1. Residue under question is VAL237, and the condition is that it be open to solvent by less than 60 Å² (accessible area, probe 1.4 Å) and touching a residue at least 12 places away in the same chain (Cβ under 8 Å); does it hold?
2. Has the stretch 87-96 got any residue that is hydroxyl-bearing (Ser, Thr, Tyr), over 19 Å from the mean Cα position of the chain (by Cα) and more than 17 Å from TYR148 (Cβ to Cβ)?
3. Please tell me if TYR146 is assigned to a loop (DSSP other than H, G, I, E, B), of a type in the set (Phe, Trp, Tyr) and at pLDDT 95 or above.
4. Which of the residues belonging to the stretch 44-84 are over 26 Å from ALA274 (Cβ atoms) and open to solvent by 10 Å² or more (accessible area, probe 1.4 Å)?
5. When only residues in the stretch 149-159 that are part of a loop (DSSP other than H, G, I, E, B) and either touching a strand residue (DSSP E or B) at 6+ places or on another chain (Cβ under 8 Å) or among the β-branched types (Val, Ile, Thr) (or both) count, which is most open to solvent (accessible area, probe 1.4 Å)?
6. Do any residues in the stretch 61-76 that are more than 23 Å from SER149 (Cα to Cα) have Cβ atoms under 6 Å from those of residues that are of a type in the set (A, V, I, L, M) and open to solvent by 10 Å² or more (accessible area, probe 1.4 Å), where the two are at least six apart or on different chains, and which pairs are they?
7. Answer yes or no as to whether ALA125 is free of Cβ contacts under 8 Å to residues at least 40 places away in the same chain, open to solvent by 10 Å² or more (accessible area, probe 1.4 Å) and touching a helix residue (DSSP H, G or I) at 6+ places or on another chain (Cβ under 8 Å).
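The values are calculated or read from the model by the stated rules, or taken from the named source; none is laboratory data. For clarity, every value in this text was computed on a predicted model and none was experimentally measured. Neighbour counts run over all protein chains shown; Cβ positions are idealised from the backbone, glycine included. Remember, those area values only see protein heavy atoms, side chains included, never the ligands or the DNA or RNA. Shrake-Rupley method; radii C 1.70, N 1.55, O 1.52, S 1.80 Å.
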Amino acid sequence: MQPNRPVNGLSVDVEDWFQVGAFEKVIDKDNWPSLEDRVERNCDAVLALFDEAGVKGTFFTLGWVAQRHPQMMRRIAEQGHEIASHGWSHDRVFRLGAEAFASDIERARKVLEDSSGMAVRGYRAPSFSIDARTPWAFEVLAEQGYAYSSSVAPVVHDHYGWREAPRFAFQPITGSDLVEIPVTTALLGQRRLAAGGGGFFRVLPYGFSRWAIRQVNAGNAADGVRPAVFYFHPWEVDPGQPRVAEAPLRSKLRHYTNLDAMAGKLRRLLKDFAWGRMDELAERERQRASVFAQAA
């Protein structure tokens, strides 16, 4: 491990196994309260991993979850981690519209702050759903006083992606202090590869993520040395979670592959690189943020 290495952004998207985008067509939201709740036990497992590694992170949490688990939210905050918003119930931004989006994040923020006792300054859109269709979402976030967003995946993907967006911190609104911190991508030639965690980290060999983060941290002439942004979900450390038999095969492969190996891979990752909260990363990157005209 090298001294003075970049401090990367460590984040957890707090949602339960039945709330993921891959299952949204086979699990109705009206049925959520009747399904086995495993998010608290899984968050406690994540907290134990972070404590073991001596790292702090950011927990982008659904308001729906925080409302039902106020003691868990308090524990996360009391252990020095950041509480940030993941919206209310995992609705993708492009399905909401500006007015509904404003109501969604306002509702979630109130519950997150009341349950944790911490001011909420950051937001991550479900399924990285701020993209070329929804740049107006940044205006709503700025109006509500958010300091940063980490809602853009600057890649092409079947579920999300804004290919034209910058790979690193950018200002989406001229004259606003709001900064967007995209999830990490790596370069293979001229091609951008998704490399910020989640299923890619869990399914692919660990060496891929290590290579990608090292590439970002090493920097280049155009971008300089930059921090990576990594995310995962509490359900990814839970191999015993219920199986959704009705889900499409592709979704099941993405969701269930290597659940039993995830905790071990996370231990390696937390040891191999330096990690910190997203709000602290956003403050460091704010002065380096580019202006993205298409989002203005």
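1. Details: open to solvent by less than 60 Å² (accessible area, probe 1.4 Å): yes; touching a residue at least 12 places away in the same chain (Cβ under 8 Å): yes.
Spelling it out, VAL237 is indeed open to solvent by less than 60 Å² (accessible area, probe 1.4 Å) and touching a residue at least 12 places away in the same chain (Cβ under 8 Å).
2. First, the residues of the stretch 87-96 that are hydroxyl-bearing (Ser, Thr, Tyr): 89.
After this cut, where a residue has to be over 19 Å from the mean Cα position of the chain (by Cα) as well, the list is none.
No, because not a single residue in the stretch 87-96 is hydroxyl-bearing (Ser, Thr, Tyr), over 19 Å from the mean Cα position of the chain (by Cα) and more than 17 Å from TYR148 (Cβ to Cβ).
3. Details: assigned to a loop (DSSP other than H, G, I, E, B): yes; of a type in the set (Phe, Trp, Tyr): yes; at pLDDT 95 or above: yes.
Yes; evaluated as a whole, the condition is true for this residue.
4. Within the stretch 44-84, TRP64, GLN67, ARG68, HIS69, PRO70, GLN71, ARG74 meet the criteria.
5. VAL156
6. From the stretch 61-76, no pairs qualify.
7. Values: free of Cβ contacts under 8 Å to residues at least 40 places away in the same chain: yes; open to solvent by 10 Å² or more (accessible area, probe 1.4 Å): no; touching a helix residue (DSSP H, G or I) at 6+ places or on another chain (Cβ under 8 Å): yes.
Criteria not met by ALA125.
Residue-wise test of (1) in contact (Cβ under 8 Å) with a residue 60 or more places away in the chain; (2) within 22 Å of GLU15 (Cβ to Cβ); (3) open to solvent by 70 Å² or more (accessible area, probe 1.4 Å).
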site	(1), (2), (3)
ARG214	no, no, yes
ALA218	no, no, yes
TYR231	yes, yes, no
GLN241	yes, yes, no
ALA247	yes, yes, no
LEU253	no, yes, yes
ALA263	yes, yes, no
ALA274	yes, no, no
GLN287	no, no, yes
